[in-house]
1. Where in the range 1-95 are there strands (runs of 3 or more DSSP E), lying fully within it, with 2 or more residues that are open to solvent by less than 30 Å² (accessible area, probe 1.4 Å) and touching an Asp or Glu at 6+ places or on another chain (Cβ under 9 Å)?
2. Would you pick out the residues in the range 170-198 that are within 24 Å of V39 (Cα to Cα), polar (S, T, N, Q) and modelled with pLDDT of 95 or more?
3. Looking at the range 248-290, which of the residues that are exposed (fewer than 14 other Cβ atoms within 10 Å of the Cβ) and among the polar types (S, T, N, Q) is modelled with the highest pLDDT?
4. Give all pairs with beta carbons closer than 6 Å in which a residue from the range 97-119 that is touching a residue at least 12 places away in the same chain (Cβ under 8 Å) meets a residue that is in a loop (DSSP other than H, G, I, E, B) and basic (K, R); count only pairs at least 6 apart in sequence or on separate chains.
5. Just wondering, is there one or more residues in the range 183-196 that are closer than 22 Å to N125 by Cβ, without any contact (Cβ under 8 Å) to a residue 60 or more places away in the chain and not hydroxyl-bearing (S, T, Y)?
6. Has the range 230-246 got at least one residue that is in contact (Cβ under 8 Å) with a residue 24 or more places away in the chain, part of a strand (DSSP E or B) and open to solvent by 10 Å² or more (accessible area, probe 1.4 Å)?
7. When you scan the range 100-111, do you find a residue that is charged (D, E, K, R) and out of contact with any Lys or Arg (no Cβ under 9 Å at 6 or more places or on another chain), even just one?
Amino acid sequence: MQEPTLDDLLRQLREALALRTPALLACSGGLDSRFLAHVSRLWGLDVEAVFITGPHLTPREIAWAKDWIPRRGLRLHVLPFNPLHDPRAGQNQRDRCYHCKRAIFTRVKLLAADLGRQHVLDGSNASDAQEYRPGRAALAELGVASPLALAGLSKAQVRRAALATGLELPDQPSRSCLLTRLAYGLVPTEALLARLALAEDALTRLGLRDFRLRVRLSPPEDGPPRQQFTLHIAQAERDHWLRVRALGVAALRVEGFFPCRVRLEETVSGYFDRPSAGESKIFPGHEGWS
């Protein structure tokens, strides 16, 4: 069977969106939801945006999204949400994302109803079905539509379409919420999330783009549990890390993430969902700082 062309996919996306207006789009500031916001404006569709703000995002991410969305021409609604106030999400078990998405989009649907918007949209793409994404079940239960997935656009195709339609930063790396930085079972606190946010923003200012700062507890055989820190960096970022390493280590130390290991990863997403979590390659010559 012949693969659909990019024009075919864009036509399917336009049809999927047009059938689901007036809509309220949950726009995180990531590439997928930004692309939906972008083409909605290009195609003159009746779509407004809602941005979910809270301690699960960094200050830089919040400021960037709140600036970009209205600049693109969408009416923006800001909805505060603290995932730690939901006891099931706050336990940080493997189904955390389900409970978090369920709580968030229940609120988004109430806002959509108040605004007279019949449809709620999110930016899930076709590639997400191949990964462990328990939050997708919550979206399905609540009737939230994912136009990119419905039109069959994978992550790579979203990037191609973003470039072809003139969206800035089509190579924007994925940035999941800060709760994904914690090993399952490690109960998050607002103080820990705030430190993670400041440390990751500092590393971003140094020019790192595709990385995660992760926290887990030491194994029981090592005595009383203590937090252990690992900075996962995409292989493509290796040379840049070498250039900014001294400043990066200082930034981590300021926020209390020390000692910290640095590990190279083919991909930094979904680390704690991998069966081999913990077996990634230690950065040569930098097994740890003390």
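1. Because the criterion is at least 2 residues that are open to solvent by less than 30 Å² (accessible area, probe 1.4 Å) and touching an Asp or Glu at 6+ places or on another chain (Cβ under 9 Å), the strands (runs of 3 or more DSSP E) in the range 1-95 that meet it are 23-26.
2. Once the filter is applied, which keeps residues that are within 24 Å of V39 (Cα to Cα), polar (S, T, N, Q) and modelled with pLDDT of 95 or more, the range 170-198 yields only Q172.
3. Filtering the range 248-290 for residues that are exposed (fewer than 14 other Cβ atoms within 10 Å of the Cβ) and among the polar types (S, T, N, Q), the one modelled with the highest pLDDT comes out as T267.
4. Final answer for the pair search is H119/R20.
5. no
6. Yes; the residues of the range 230-246 include at least one that is in contact (Cβ under 8 Å) with a residue 24 or more places away in the chain, part of a strand (DSSP E or B) and open to solvent by 10 Å² or more (accessible area, probe 1.4 Å).
7. Yes, because at least one residue in the range 100-111 is charged (D, E, K, R) and out of contact with any Lys or Arg (no Cβ under 9 Å at 6 or more places or on another chain).
Residues are listed down the side, and each one gets a yes or a no for (1) modelled with pLDDT of 95 or more; (2) open to solvent by 80 Å² or more (accessible area, probe 1.4 Å); (3) in a loop (DSSP other than H, G, I, E, B):
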residue: Y98; (1), (2), (3): yes, no, no
residue: I104; (1), (2), (3): yes, no, no
residue: V108; (1), (2), (3): yes, no, no
residue: D114; (1), (2), (3): yes, yes, no
residue: R117; (1), (2), (3): yes, no, yes
residue: S124; (1), (2), (3): yes, no, yes
residue: A129; (1), (2), (3): no, no, no
residue: L139; (1), (2), (3): yes, no, no
residue: A149; (1), (2), (3): yes, no, no
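The values are calculated or read from the model by the stated rules, or taken from the named source; none is laboratory data. Since the structure is predicted, the reported quantities are computational estimates derived from the model, not experimental observations. Here the Cβ is made from the backbone with ideal geometry for all residues, glycine too, and neighbour counts use every protein chain on show. For accessibility, only protein heavy atoms count, side chains too; no ligands or nucleic acids. Shrake-Rupley method; radii C 1.70, N 1.55, O 1.52, S 1.80 Å.
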